[in-house]
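The values are calculated or read from the model by the stated rules, or taken from the named source; none is laboratory data. Values in this document were obtained by computation on a predicted structure and should not be read as measured data. Heads up, the Cβs are rebuilt from the backbone with ideal geometry, glycines too, and the neighbour counts pull from every protein chain shown.
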Amino acid sequence: MNAWAWTALLLHLGWTAFAFGVRAAQQRHRTGDAGFRGISGRPGQPSWWAGVLFVAALLGGLASPTAALAGLPPLPGTDAPALHWSGLAITLAGLAGTVAAQTNMGTSWRVGVDPGERTALVTDGLFAHVRNPVFTAMATASLGLTLIVPNWVSLTALAALVIAIQLQVRVVEEPYLTAVHDPDYAGYTTRTGRFLPGIGRRTP
């Protein structure tokens, strides 16, 4: 199990480093702005919880393989090679999707939302199929990491990420995009699923 824990740890560190560190450096080089906007809302509000849970999920993804290396056992019935290999394949697909979707965003890439800022509405590439491909890919990678090291820490981190993504999209980003880009965004939401193709489209 230690080999799989090391694999998950290295993948998580590499994923986090690229998705935030390298991508922010690229953004700063291209635009002079790293793209970080921080946590939205006041403490206790749903938008605030979205940011807090997102950070907790990232820390949990780091803590899970670390705990496994320290001796935390996997969940009952989950220490199976087929499960770990499936997790590795899913993680790599999620990592590739994250890179592709973030690249697809170009200069519109941000972490968080500034209500007073206006960026271009991206609807091509992966965004032609789902409205939030970055989050879909990140959730996919987190699912894969959970399968590689299936303990209660990784399961909790996955749940925190899913809740954070739902709150961030529904409470923070969709109201912002509606305010800034209607009617273009309204039309986009009727054609394109929220996280998966065809699922979560708005009624015209």
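Annotation: Ala96 fulfils all but one of (1) in contact (Cβ under 8 Å) with a residue 60 or more places away in the chain; (2) under 14 Å from the mean Cα position of the chain (by Cα); the unmet one is (1). When the residues of region 187-204 are filtered to those that are part of a loop (DSSP other than H, G, I, E, B) and of a type in the set (S, T, N, Q), the one that is farthest from the chain's Cα centre (by Cα) is Thr203. Taking residues in region 68-87 that are over 9 Å from Pro150 (Cβ atoms) and at pLDDT 95 or above, and partners anywhere that are among the small types (Gly, Ala, Ser) and exposed (fewer than 15 other Cβ atoms within 10 Å of the Cβ), not one pair has Cβ atoms closer than 6 Å while being at least 6 places apart or on different chains. Scanning region 24-46 for residues that are part of a helix (DSSP H, G or I) and buried (at least 19 other Cβ atoms within 10 Å of the Cβ) returns a single hit, Gln27.
Would you be able to say whether some residue in region 135-148 is surrounded by fewer than 17 Cβ atoms within 10 Å (Cβ to Cβ) and not small (Gly, Ala, Ser)? No; the residues of region 135-148 include none that is surrounded by fewer than 17 Cβ atoms within 10 Å (Cβ to Cβ) and not small (Gly, Ala, Ser). Among the residues of region 174-186, those identified as surrounded by fewer than 17 Cβ atoms within 10 Å (Cβ to Cβ) and more than 22 Å from the chain's Cα centre (by Cα) are Ala179, Val180, Asp182, Pro183, Asp184, Ala186. Looking at Arg37, Arg42, Arg30, just one residue is in contact with an Asp or Glu (Cβ under 6 Å, 6 or more places away or on another chain) and either more than 21 Å from Leu95 (Cβ to Cβ) or not hydrophobic (A, V, I, L, M, F, W, C) (or both), and that residue is Arg37.
Cβ-Cβ contacts under 9 Å between residues 6 or more apart (or on different chains), taken from a first residue in region 175-204 that is under 21 Å from Ala139 (Cα atoms) to a second residue that is of a type in the set (Phe, Trp, Tyr), are listed as Thr192/Phe127; Phe195/Phe135.
Let's see how each residue does on (1) under 22 Å from the mean Cα position of the chain (by Cα); (2) outside any helix (DSSP H, G or I):
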{"position": "Leu75", "(1), (2)": "no, yes"}
{"position": "Ser86", "(1), (2)": "yes, no"}
{"position": "Asn104", "(1), (2)": "yes, no"}
{"position": "Gly116", "(1), (2)": "no, yes"}
{"position": "Leu121", "(1), (2)": "yes, yes"}
